[in-house]
Structure formats: structure tokens, C-alpha cells
Amino acid sequence: MFWRQAARISVAATLLLSYEAVAALSGNAQIELIGQGRYEALASGLEQDAQRKALKTPDLHALCYAYSKLKRYDKILPCLDQLDRQIAAGDDSARLFGLDDATPSSSLMRAEALIDLGQYGDAALQAQKTLDWLAAEHSSDLDMKFQALADQVIAWRLAGQRQRAEASLKLLESSGLGLLGSDYRGARAVALARANMAMGRYQAVLDALASDFSLGLRRFLDNINTGALFTGNNNWLWLDLPRAFMTARAQQGLGLQDDARQGLDAILAIPQLASNGEIHWMSLFARGQIALADGDAAKAETLWRAALAVIEKHRASINTEANKIGFVGDKTQVYDALIDLQAARGDAEAVLLTAERAKSRALVDLLADRDEFALPEGPEGERIRAALLALQRAEQRARWQGDASLGNDDELKAARELLQKSAPRLAALVAVKAPGLSEIRKLLQPDETVLLYHFTQTKLHIITLSEQTLQLQSVSADGLADEIARLRQDIEEQRPEADARLRRLHDRLIPAALRNAPPGRLLIVPHKSLHYLPFAALRSDAGYLLERWSLRILPSAGVLPFLPVAAMGYGDSLTLFGNPDLGDSSRDLPAAQQEAEAIAVGTGSAERLHVRTGASKAVFLREARKASALHIASHGEFRGDQPMQSALYLASDAGTDGRLTVADLYQLRLRSRLVVLSACETGLGAIASGDDVVGLVRGFLYAGAGAIVSSLWQVDDVATAELMTAFYAALPTQNSRDALRQAQLATLKQYPHPFYWAAFFVTGASQ
């Protein structure tokens, strides 16, 4: 890529004092800043230029590249969108990388951003888009081809599709250097190193980097030509830094700890490292691993905390939930390593707080941002608006000038204090942070206990928290996911083996202190495969867990401050949807319609009952916003491949296909204190990176629902109808959690097997 352009940098460009000294950031100055790894300076200079006039494609291309390297996710995708619009309009010229056309570079930057955000399939498609364009245009830009193939290897490997990754790697390995081989040798070496790093083939990484045997001479000649050698600068840091990291990481993987330690220490001493996104946190993490191997646990913890600060700095610039979820991806290893270290010394509070940092941060952030504040008119509103603007500017400057903690900056502290004085509640929501131990405890009911789970690679850490107690238990994670999968199959097929599995899982997952504790309320925060476990059905000699405890599920303890206070009953406007007409008689649910009709009569809600063609998506979108409670008895579909497209099926109408998707829910604002999803698999979701679960329950939580009742498997419609009738009968005098428990206990007496009653659970607010 850049190596063809690097030789064109003139001495005059090198002697520029800085980008601030010129009216506009010239092409040569842009290339110099890239070469020296000064991406913040590049972005800042071009942003200043953009304030004066709209950027032409070459300058916009450079700005997008700077955002890409800085991991500015709030800006990179909009920048690429604008770049693509200008390319489509005919302005496709480029200056960076020796390109005449910015099209392939735009697709590659988008592919790499999507990899970062966990959208691996889309990333691979963007890389393929580059390859297709190069083939169609008969382009000789082999560096683009090499990079695209490497991106595909990485995307497919992270997606768990190893065969596809291997196929892309073979294409990369078989790609020649063409007539101008020396121009592309470096690009091919880096691409092969990146691809083999993703596949865990560390010797192949070192071999690939060594194949670029002319790099030293090219670097030396260029630094003389540009004058960089005489000013102490290095115009090749953009290439030297990733090469150095891959070398050190490969050495670490091969057990060459001394070489890796030396290499990583040198990287961490480079001032421009903070501007190099993923290399920054990965270097900190790898060096922490070596420190732990050296027996220095304190240093390892310091380095891993620093790595998390960098990760969360980048995550803070993401403004959509799906992207926040996907972003964590391979970064969970940092959280897990730190948790294992904290657990090893028995620090229960530290484990709890780190697990909360890792769990469901996307939802916490978005719940906090959800409320829309109508600012007062006049001087007071202007003061609040000015305080918000000052905080925004201070946070942006602190994040991107290296204060990753956002806690030691005087300007930032002053901005937060100003907002606190102007609008205390708004300040609490804007400055989102995971709640501390004392805050979580304040939010618990006197008889409520939190049971929080967190898997690492080999361990399951279990935190038990109440007003008086805080306990940590660490057990082996071996075979747990398989045991849960087999249990679900046993339950759904009503096999007798389910009972023994439920007992074994109870013994592994429920701490001894809870087994002997007086009955009460249990708030469960699952992790990974535990999201698919029917906790109510866990069994001991004393009976099912449901018989001793009233249960509710939360994605994290961190959402507690942002959940509405639950009230008994269902309010004054229960709205029901039952048995929508899906145009296929085999999918009719007569029992669901009877269920909805019976509930409507029993609750005096008949005028708000919508069935068959009346239970349409358009009607739902119109009526749901006004309802104090919602009941939906229909088919549900869980899409593990595309969780945002998981859906409830409603009747189609003009303009809609009837599918109420998770994506649709994110556009809603509900006032419903209760949402009941009396449908199949509505409680399932895709366990994404960072353990954020994307599904219908999460969508309703974000839309504003207080409590959601949903199911884990395809439920029996007759038993479900009876359970729901009992549930609504109990609601006027009980909260949703206790009402569901009472209904399940009643159903258990009539239908003893867990298949009939254990699928349902409450998520969200409760009393």
C-alpha cells in the first residue's frame, strides 16, 4: 500500500513545522503524518480543513484512514459513507497509497471496521467487494488484493468458519508479486503475517515478515531522501509498529519470552502507540501475560487495567447497540484474564466489578441514553445546553489525547461539575458507569440475593451478593455447556434423564450458602450458556429452585439503576394480540387466541384485544406506545445467525410483512410496565461478544418495558394458556415475578414435567 507513495515524499514536506503551520494540510504533509504514525494530528488537521470547506475525495480519503487507525467508530462509518457518495458521484481520485481510485481502499477500511465491530460476515463481503472491483478494473494494485485476502482470513476465522479462512489464506499464499515484485513484497509479507497470526501459526508469521528482505534498505533510503533521518523522525513507523507487534506476539506464542518481552517493552515506549488503536491494547495485554508468567501478578494487573482503559475508550465512540456488542469480540480475553487473576487472590468485589464491566455494557450505556430530556426554556435551558456541550468537548479531547481513564483531567472534572450543578439527573445518565458494590446493594430488596455468573476459559466464577454478604466461588467450567445443551433436549423431548441432569446442575451452580438459606428472592445474572438454562427447574432433595425462591433474570447488575420501578398489576390499558393470521393455516394457534380472549375478558380489556387480521404489525406499532401492558400470543422466531432479525410474527398488512423484529423494537418508546411474550423461543438470544444477548427480551428492555415474561423453548399451547390465565389472576395483588412463580407452581401440580412450566422467566424490573 503506502510503500509506493512513501518514496515520493519530498524533503520540503519533512521540513514542515507541523500541520498547524499551513492553511491546509497538503498531500505531502498527510503522507508524512501517516508515515510517522501521527493519526491524531492527521485527523485534527483535516477536521480543521473541513470546517473551512467541504473536503475533496483525496482529503476525505485521508481523514477516513485516520479515523480507521484511531478506531473512531463514531466517525469512521459516516466518513466512509460520505466517501462512497463522492466516489459514486464521479469524484474517485485518491492520493494515499499510490492509488488513482479510492474505491478499493474505502471497502477495505469498511471491512476492517466491521471486523472490529464483530460483523464478520459483512466484513468478509466488503473484502470480497474489493477483490471483485480489482478484477473488474484489471487493477494492478496487488497491495489492495493482499490486504483484502488477509481481511477475509481474519473475518472468517473470528466467525468460527475455519475452512473459509483456510481457503482465503491459500489464495493469498498463491498470489504472485507480478512484474513489479519489489513494490509489493512488503505488502504481501504483512498480509501473510496478519493472516497467519489470525490462524495462530506463529512460525509462519515470522517467516512471512522475514521474506521482506529488502525492507531495511528501502526504509533507510527513504528516510535519507525525505530528510527524516536527520530530524530524528521515522517515516516508516506506520509499518514498523504492526511488524514489531506481530514479531513480538509470534515470539511469545513460540515460547521465546525474552525476545517477546524486549520487543513489547520497545513498543510500549513509542509515543505514537496511543494513536494506533488495537496495537495499543494488544501490546499491553501481551506484556501483561508475560509479566504473569514471570511471577509479577501486580504488574500484569496494572497492564491489563491499562488495556481495558484503551478498549473502553474506543468502545465509548460507538453509538449503536449492535456495534457495541460486537466490538468486544476478542477483547473478552482481557476481562477474563483480569477476573481469573482477581479470583485467584479471592477478591470477590474486584471480580464482581470487572465482570460488570464486561457484561452487558452496551445495554447499560443505551438505557442511560434512552431518556429524552426536554430542556427548559430561557437562561436555565441555555446553561444546561452549554454544560452538555462543554462536557462533550472535554470528553472528546480527553479520550483522544491519551487520558483513557477520563478521571484525571481537570477540564473534564470541571465540565462534569458544571453539568452536575445545572442538571443532576441528566449528569448521572450522561456519565454512565458501572455501579459499585454499595450502589448495587442499595438497589436490592431486603430478602433479595444476586447470583452472578462469569465464565473464563477454564473457570466459572460465581458471585453471591446480598445486603450483608459477598462471596466468591470458582468451579471448573468443563462440560457445562454440553450438559446444558443435553438438558434442554431432554426437557423438550420430556425424557426422564432430565431429572438427574437438573440435580447435577443444581449442585454445580447453586452455592451451598444458598441451599441452606431461608427462601427469598433471587436475582440471577447468567453468562454464556447459562442464558439458555431454566433456573426455575434446577432441583435438589428440597425440591425445585422455584419452590424455594422467587426468580428474575437480568443481563447485568448494572442495569438496575436504569430500570423503572415496577408496580403491581398491569395498569389501565392492557393490550393483547393473539393468533395473528399468518396466511398459513398450519401456523394457526387457536389455543393462543383462546388464551388472549380469556385474559381480555378476565381483565376487562376486550376492547383492546386484537386477533387474526387485526393482530397486525401496523396495529401493534400504533397501539403499543399507549399500552400500560402488552400481551402477545403468537409465533416467535429466534435467529442465531442474525439476532437483530429475531422476530414475533404478526399479521401482515399494507406496507409490512408482519415480522416485528428486534431492530423494530429499538425504534420504539414504550411506557409498558409489563410485556408478556406468550410465544415460542422469545427468551432466546444470540450470545454475542462480551456476553451481551441480542434478542426480543433485550429489545423490549431497551424500548422501555419494565418487566418482560418470555420463554426458552417451544411451549405447549394448552398448558401455556392455563399458566397465563393463572398469572393474570395473580397480578392485581402481586408483582410480575411473584405472580409468575405462583402460576408456575400451579401449573407444576397439573403438569409435573418441567417442559410445561419451566420455560417462562421474568427479566427486568420487579418489586
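Which value, in nm² and rounded to one decimal, describes the direction-averaged projected area of the C-alpha convex hull of the stretch 563-764? Display every interim value, and only then the final one.
On the way: hull surface 42.9 nm².
Here the figure is 10.7 nm², rounded to one decimal.
Only counting other Cβ atoms within 10 Å, I'd like Phe577, Phe727, Phe245 sorted with the fewest neighbours first.
Ranking Phe577, Phe727, Phe245 by Cβ neighbours within 10 Å, fewest first, gives Phe245, Phe727, Phe577.
Please give the peptides 274-280, 171-177, 606-612, 452-458 ranked by average Cβ packing (other Cβ atoms within 10 Å per residue), highest first, as a rough proxy for protection.
Peptide ranking by packing, descending: 274-280, 452-458, 606-612, 171-177.
Using the Cα gyration tensor of the stretch 445-552, with a ≥ b ≥ c the square roots of its eigenvalues, what is the shape: rounded (a/c below 1.5), prolate (a/b larger than b/c) or oblate (neither)?
Here the stretch 445-552 falls in the oblate category.
Take Val190, Val675 and order them by how many other Cβ atoms sit within 10 Å, fewest up front. All intermediate terms of the calculation are to be shown ahead of the outcome.
Numbers: Val190 24, Val675 30.
Sorted ascending by nearby Cβ count, the order is Val190, Val675.
What percent of all Cα-Cα pairs in the stretch 449-507 falls in each 5 Å bin, counting up from 0?
The distribution over the stretch 449-507 is 4, 16, 22, 19, 16, 14, 7, 2, 0, given as percents.
Could you tell me which residue out of Ile267, Leu237, Gly288 lies farthest along the dipole of the stretch 236-305 toward its positive end? Charges go on the beta carbon: Lys and Arg +1, Asp and Glu -1, centred on the Cα centre.
Leu237
Can you tell me what percent of all Cα-Cα pairs in the stretch 78-162 are more than 21 Å apart?
27 percent
Could you pull out every one of the lysines with an alpha carbon less than 27 Å from that of Lys53, ignoring same-chain neighbours closer than 8 positions?
Lys69, Lys71, Lys75
If neighbour count is taken as other Cβ atoms inside 10 Å, put Arg552, Arg587, Arg194 in order from fewest to most.
Ranking Arg552, Arg587, Arg194 by Cβ neighbours within 10 Å, fewest first, gives Arg587, Arg194, Arg552.
Laboratory data are not the source of any read-out in this text; all were calculated from the coordinates shown. Owing to the predicted nature of the structure, the values given are computational and were not obtained by experimental measurement. Cβ: placed from backbone, ideal geometry, glycine included. Neighbour counts: every protein chain shown.
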